[in-house]
1. For region 157-198, what are the residues that are touching an Asp or Glu at 6+ places or on another chain (Cβ under 6 Å) and closer than 30 Å to residue 248 by Cα?
2. What's the total number of residues in region 112-140 that are in a strand (DSSP E or B) and either open to solvent by 20 Å² or more (accessible area, probe 1.4 Å) or not aliphatic (A, V, I, L, M) (or both)?
3. Please list, ordered by first then second residue, the pairs with beta carbon atoms under 8 Å, 6 or more apart or interchain, first in region 130-157 and of a type in the set (Gly, Ala, Ser), second in a helix (DSSP H, G or I) and open to solvent by 30 Å² or more (accessible area, probe 1.4 Å).
4. Among all residue pairs at least 6 apart or on different chains, which show Cβ distances below 6 Å where the first residue, located in region 197-217, is among the basic types (Lys, Arg) and the second is open to solvent by less than 50 Å² (accessible area, probe 1.4 Å)?
5. From the residues in region 299-338 that are modelled with pLDDT under 65 and among the hydrophobic types (A, V, I, L, M, F, W, C), which one is least open to solvent (accessible area, probe 1.4 Å)?
6. Mind telling me which of the residues 66, 84, 88 ends up being touching a strand residue (DSSP E or B) at 6+ places or on another chain (Cβ under 8 Å) and over 29 Å from residue 281 (Cα atoms)?
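The values are calculated or read from the model by the stated rules, or taken from the named source; none is laboratory data. Being a predicted model, the structure only gives us computed values, none of them experimental. Using ideal geometry, Cβ is built from the backbone for each residue, glycine included, and neighbour counts are taken over all protein chains shown. The accessibility values were calculated without ligands, DNA or RNA, using every heavy atom of the protein model including side chains. Shrake-Rupley method; radii C 1.70, N 1.55, O 1.52, S 1.80 Å.
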Amino acid sequence: MACRAWRTDPLHVCVRVRVFPQRLDGRQCYDYRNIRVSFGADRGCCIVELGRTRVLAQVSCELVPPKPNRPTEGVLFFNLEFSPMAAPGLEPGRQSELLVLLNRLLERCLRDSKCIDTESLCVVAGEKVWQIRLDMHLLNHDGNITDAASIAGIVALCHFRRPDVSVQGEEVTVYTPEERDPVPLSIHHMPICVSFAFFHQGTYLLVDPTEREERVMDGLLVIAMNKHHEICTIQSSGVVMLLQDQILRCSKITAVKVSEITELIQKALENDQKARKEGRKFGFAESIPNQRITTFKMESAAVDTSDVEEQAGEIIAKADPPAEVFASPVLHTPGTAQIGEGLESSWGDLEESEKEEAAEEEAESEAAAFECEKVETEGTSTLRETKSGEPIVLSDSEEEEVVILEPQELPRKTR
């Protein structure tokens, strides 16, 4: 029962690390989770998966006026956002302490390390420069957001292409991708963050902590380094006091991990570039692995239709001949006909039925005319009876009664 509690309860992570050689997810202390990079259809869009932690990165650009104190340098803007879709405890539109801390760390890692040549982003000194904007969204939170966001940011920047421009006098022309090939950003190196979680006042450390391990850790150390073993930034947080030997050991581990991650990123960029040149399918939809939805799903197979006519002829030859069919119509009575086999029609002579219908219509019309004459005679009689009175005329209509009042003639005055 004790061993089972260690597998499920995050409070016993450090005890499990000390007693057992593996962590809760089966990794060793210095092992990274699987890293997967997939690109979108547009340039500068990618998704990085670090285990179950997923970060979406998108790069965009626009021409803006430069800063007054740096008229020949472009502008870099970085932004990381959380949403409740990633974890229930994250709130949208709120700058939490963790979010502010991560944004500042990413700015130091990408901007202050001078990994991007900002002078190459200048179009007209003091007037127009390129502003590169990197937006990152956390899609799923399972620990170590810093490493996943740093990898997604540098991958998106390496994958991005800005439009080509030309300057003639004071006129600046921006070309579309159809007119001129877009230009990649000038990137000197790729800084990547590696996180270390410490337990028992720094006695034990873990690389790439998960969300459950982050909840019970005593301290966190983040080192950003490139493949040339140059430290770009370093940050320590928590209540643990680290010694010099511990920091040196972490830096050596970081150098190995950064080299491996950089090689993985370069291979992913080369594969995407090769797919785009060869005209193969690319994008998020193509990067999703094929999975069987049902057990009876079958793979697509080619169908040979070369001998379809011969097979159809053989089938027709082997089939039984059709039954005898009356090609000409059979006339049983005037006005009826029959084609093929079946019972005789019992409709009878249509001419007699037509005569009967005509006789019935004539009888109905005569009855209607008689009723109309009767109504007219009754109306004239009422008019004759009321002629002597003359001031009031009554109508026999069923729709409404109309009463016409005529003024009486006033007697003439005599002198």
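1. Hits for region 157-198 are 193, 195, 197, 198.
2. Final tally of qualifying residues: 11.
3. Short answer, once both residue conditions are applied: 143/211; 143/212; 143/214.
4. The qualifying pairs are 212/10; 215/10.
5. The selected residue is 330.
6. Values: 84 fails: touching a strand residue (DSSP E or B) at 6+ places or on another chain (Cβ under 8 Å); 88 fails: touching a strand residue (DSSP E or B) at 6+ places or on another chain (Cβ under 8 Å).
One residue alone meets the criteria, 66.
The rows are residues; the columns are (1) part of a helix (DSSP H, G or I); (2) open to solvent by 100 Å² or more (accessible area, probe 1.4 Å); (3) at pLDDT 80 or above.
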| residue | (1), (2), (3) |
| --- | --- |
| 221 | no, no, yes |
| 224 | no, no, yes |
| 241 | no, yes, yes |
| 253 | yes, no, yes |
| 267 | yes, yes, yes |
| 276 | yes, no, yes |
| 286 | yes, no, no |
| 293 | no, yes, no |
